[in-house]
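One structure is given here, and the rest of the page talks about it.
The values are calculated or read from the model by the stated rules, or taken from the named source; none is laboratory data. Note that the structure is predicted; figures quoted are calculated from it, not measured. Here Cβ is always computed from backbone atoms with ideal geometry, including for glycine, and neighbour counts include all displayed protein chains. Areas reflect the complete protein model, heavy atoms only, side chains present, ligands, DNA and RNA absent. Shrake-Rupley method; radii C 1.70, N 1.55, O 1.52, S 1.80 Å.
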Amino acid sequence: VFFVIQMSVTSLRYSIRGSKRFKNDDHDSPYPDSVSLEGLDRIFDELEQVQERMEELAEEHELDIARADMRDFYRRRPLYIARSLIIRTLDLFWLRAFLAHPVLSEYVLPPDQDLFKYITDMFVDDLHDGPPDAPANMLTTSNGIDKLTNGTQHEPSIIGFRVTFYFKDNPYITNSTLFKEFRDDENEDGPPIITQSVIQWREGMNYMDTIKPRKPPRKVPSPERQEDEDEEDYSSDEEEDDDDDDESFFTWFDSTNKDKKLGDKISGDFWQDPVQYYRDYFENCQKEAAARAVAAAEAAETEGNEAMQDPEHNDKTTKR
């Protein structure tokens with residue numbers, strides 16, 4: 001926006017210079033009837049000075065945001081660590097939290113749930129482009145950043161995130177950790193740079209082959225074939241295809257999987273407050289138990305009513 005305004009001012013300067021004087025024939029205008037080129041140059045110089053100051057403020061604002069992100073990163077991290085220490089005391093925390101999340105639960109298939117039971121912790125780290133060994137106070141204060149940059153224009157900023165899962169010893173994989181990270185491309189226009197762990201399955205425990213692979217999209221039949229095809233059968237085929245679209249959560253760690261949306265969902269609202277979903281899990285269990293109890297009571301009542309209407313039941317009651 002600032003660039004466009006500056007170009008407009010510059011264009012106006014040169015367009016007016018095309019004539020010796022600028023004459024205003026509108027007598028109702030608040031501007032003088034004529035303005036000298038010297039006067040216009042002075043006005044444009046003042047406008048450009050204001051514009052330059054506006055651009056300086058915009059750059060300062062961007063730096064303030066970058067520094068605020070860095071401060072927030074280092075202030076929150078000790079709290080995340082403290083939270084993780086408490087979470088480790090809760091049984092099957094991450095499995096239950098994932099199952100209660102409206103989106104993430106779709107990624108955790110029944111075969112995945114047993115491996116999820118061995119997750120002891122999960123952590124999301126923001127990635128920054130400052131020196132990796134720099135102390136926190138140097139990355140979050142103006143004086144510290146000036147020392148790190150050595151007078152250059154570069155400011156440390158958040159450039160991505162890493163999701164890490166920690167596992168205790170289990171019969172499925174030998175990895176103690178699995179991670180996946182998304183780092184912004186240096187050119188800013190390209191896709192993020194993705195790196196991840198390689199899952200080391202124990203012999204005979206890789207259950208990925210038992211999960212039906214995703215089928216390619218169903219081809220739309222030609223108009224002639226669609227007229228002959230039964231509509232009800234066509235819809236049932238679609239339902240069967242939906243059942244085959246299951247994919248294990250742990251395929252996310254495959255090098256060919258570029259799904260950043262899943263990473264954004266994990267590092268977003270889920271990571272900010274996973275405890276709420278852990279609570280939701282137990283609330284959902286209570287609701288399901290209550291619904292089952294009501295259904296059982298209704299079934300028993302229905303069975304009793306049917307028995308009362310049974311002639312054999314009435315004859316036995318009469319004999320008694």
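Structural remarks
- FRET efficiency for residue 299 and residue 205, using Cβ-Cβ distance with R0 set to 41 Å, rounded to 0.05: 0.50
- Highest mean packing comes first when the peptides 287-298, 167-178 are listed by Cβ atoms within 10 Å, giving 167-178, 287-298.
- Calculated FRET efficiency for the pair residue 124/residue 176, C-beta based, R₀ 22 Å, to 0.05: 0.75
- Calculated accessible area for the stretch 242-306 comes out at 62 Å² per residue, all protein chains present (probe 1.4 Å; ligands, DNA, RNA ignored).
- Peptide ranges 87-94, 98-105 listed from the most packed, as the mean C-beta count within 10 angstrom indicates: 98-105, 87-94
- Gained length - residue 256 relative to residue 285, 0.36 nm times residue gap less alpha-carbon distance: 6.8 nm
- Average accessible surface area per residue within the stretch 159-198, 1.4 Å rolling probe, Å²: 55 Å²
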